[in-house]
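The values are calculated or read from the model by the stated rules, or taken from the named source; none is laboratory data. Everything numeric here is computed off the predicted structure, so don't read it as measured data. Methodologically, a virtual Cβ is constructed for each residue, glycine included, from the backbone with ideal geometry; neighbour enumeration extends over all protein chains shown.
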Amino acid sequence: MLLSEIIKELDYRLISGDPVVEVTSVEFDSRRVVPGQAFVCIRGFKTDGHKFVEDAAKKGAVCAIVEAGREGFDEDELKKAVEGTSCVLVESKDTKKALALIASTIEDHPEKDIEVYGITGTKGKTTSTFMLRNMFEVSGKKAGLIGTVCNIIGGEKITAVHTTPESSRVFGMMRALRDKGVKNLVMEVSSQGLKLDRVYGLKYRAAAFTNLYEDHISPEEHPDMEDYLNCKLKIFDDCGTAVVNADCEPADRVIAYASSRCRVLTYGIGREADFKAENLRTERIGHVTGTRFDLTGNFVSGEFFVALPGRFNVYNALCAIAMAYCAGIDEASMREVLSSISVPGRMQPVENTLGLNVLVDYAHNAEALKSAIETLKEYTEGRVITLFGCGGDRPKIRRYEMGEVSGLLSDYTVITSDNPRTEKPEAIIEDILKGINKTTGKYEVEPDRTTAIKLAISMAKPGDTVLIAGKGHEDYQEINGVKHHFDDAEKAAEAVRELGGAV
């Protein structure tokens, strides 16, 4: 397309150059720029895309979109950066929104042909989206997935970098879905995705709000809970039906905001809701630990079984059911999916014939670890053995808190390495010990994670639960900037086989 046609969508000012030039695609990362692309300067938390205008121009970018509110980088400096190239300079009021608008235009507006189902919230997004996407597939309706664990486009799994990618990637994946004849997209919509306009221009057939916790309050994410909530509420600004957890703390405010914009359906366990779970009872079928519950309401009702442990997974199931209802998915497909659901790194069971309950979970902070251990104690006849480490180059308080939580709640703890990054594993473990030594909990230390996993499973007896926490779906261990392949579920399966408990 011609740049002159593309920028008609923008609130722009031409700084220099002739906009009658062909544009092949759009890019925001100067390292990935190839000839013919439009380069959009995005100001991030750690770097500013305006620094790389010269680099992009030299690589063949035909245009650089700069932001009107940029700090520094005056026009003369920018003109000098593209001097000697044919790179056109265009100024836009908001380059994040410009990136979305340009991507949508270049990809021929795939959002007009794809029904989008978005799920936001602090916890539960990954599990709920996997449940919902599987319900689509089982019912015979193809659906793509964008989220934390991976992106699934036309059956192809693509590694995910962010929970919600930049808008150019989102529209590119939507175009690929349309080209493959897929008409539905299920996606995790993070607060950062909403705050930074990564989903600008999308309309949701249905959007869900799961809950709100303080996990993302930091200088680089949200300064306070008010900003965090307000960002998440943006998902309902262009939405057909809002699906809200009636039991979450800000439920009344979320419902009030959403109801002024679209239809609202609620789900929950405590308060009255359109999709309400009652009579929850734990159940184990073979190696699968889950919860059976009765669903009441005017839309879907009857008995359901979710093959994941914990009350929070009942909430995830309710969210998926309500969203599936909005998509016109039949109840049989809902039940089939929930009865056999397995989500990578989210209470993921490791099959075995040893009589053990071995689970891999992403719990990587104190609150998540506390929730996981307390849940598993409800389902465990014997001991709960918890294995975890903590990531390097992250706040040390997380190490103290996780150590204390495991010491207080676990019957036994195996402390090991996680992603040490640039820190020494031994130093991280020392910090964890400061927390666990505040308790009387029994533990031992094994820095090698492979050996630690084998140790934890070998000491377990029939009826015990082994929780392998911290890394979940991650398939690597990062050491000194290098990512080495490492998958907790694979290592646990190897340990089971070595112990004669075939998987």
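Take S104 and tell me if it is touching an Asp or Glu at 6+ places or on another chain (Cβ under 9 Å), polar (S, T, N, Q) and in a loop (DSSP other than H, G, I, E, B). Taking the combined requirement at face value, the residue does not satisfy it. Does V26 fit the bill of being of a type outside the set (S, T, N, Q) and in contact with a helix residue (DSSP H, G or I) (Cβ under 7 Å, 6 or more places away or on another chain)? Yes. Residues being in the same structural domain as E188 (by TED's automatic domain parsing), out of contact with any Lys or Arg (no Cβ under 7 Å at 6 or more places or on another chain) and in a loop (DSSP other than H, G, I, E, B) are represented in segment 123-130 by at least one member. Listed conditions (1) more than 28 Å from E498 (Cα to Cα); (2) in contact with a Gly (Cβ under 9 Å, 6 or more places away or on another chain) are all met by E381, apart from (1).
Of all residues in segment 271-298, those being surrounded by fewer than 16 Cβ atoms within 10 Å (Cβ to Cβ), closer than 20 Å to A246 by Cα, of a type outside the set (A, V, I, L, M) and in contact (Cβ under 8 Å) with a residue 24 or more places away in the chain number 3.
Taking first residues from segment 401-424 that are in the same structural domain as I436 (by TED's automatic domain parsing) and partners that are part of a helix (DSSP H, G or I) and hydroxyl-bearing (S, T, Y), the Cβ contacts under 6 Å between residues at least 6 apart in sequence or on separate chains come to T413/S406. Within segment 355-395, being basic (K, R) and part of a helix (DSSP H, G or I) holds for K370, K377. Just one of the numbered conditions (1) among the charged types (D, E, K, R); (2) surrounded by fewer than 20 Cβ atoms within 10 Å (Cβ to Cβ); (3) more than 30 Å from V337 (Cα to Cα) is not true of E91: (2). Each residue in segment 274-307 was checked for being in contact with a strand residue (DSSP E or B) (Cβ under 8 Å, 6 or more places away or on another chain), part of a loop (DSSP other than H, G, I, E, B) and closer than 25 Å to A251 by Cα, and 5 of them qualify. Touching a residue at least 24 places away in the same chain (Cβ under 8 Å) and surrounded by fewer than 24 Cβ atoms within 10 Å (Cβ to Cβ): is that true of A324 in this structure? No.
A search for C-beta distances below 6 Å between a residue of segment 35-60 that is of a type in the set (S, T, N, Q) and any residue that is buried (at least 20 other Cβ atoms within 10 Å of the Cβ), counting only pairs 6+ apart in sequence or on different chains, returns Q37/E27; Q37/A61. Considering segment 149-189, the residues that are modelled with pLDDT of 90 or more and of a type in the set (S, T, Y) include one that is farthest from L132 (Cα to Cα), namely S168. Among the residues of segment 223-266, the one identified as surrounded by fewer than 16 Cβ atoms within 10 Å (Cβ to Cβ), more than 23 Å from F299 (Cβ to Cβ) and basic (K, R) is R253. Please verify whether segment 447-465 includes one or more residues that are polar (S, T, N, Q) and touching a strand residue (DSSP E or B) at 6+ places or on another chain (Cβ under 7 Å). For segment 447-465, residues polar (S, T, N, Q) and touching a strand residue (DSSP E or B) at 6+ places or on another chain (Cβ under 7 Å): present.
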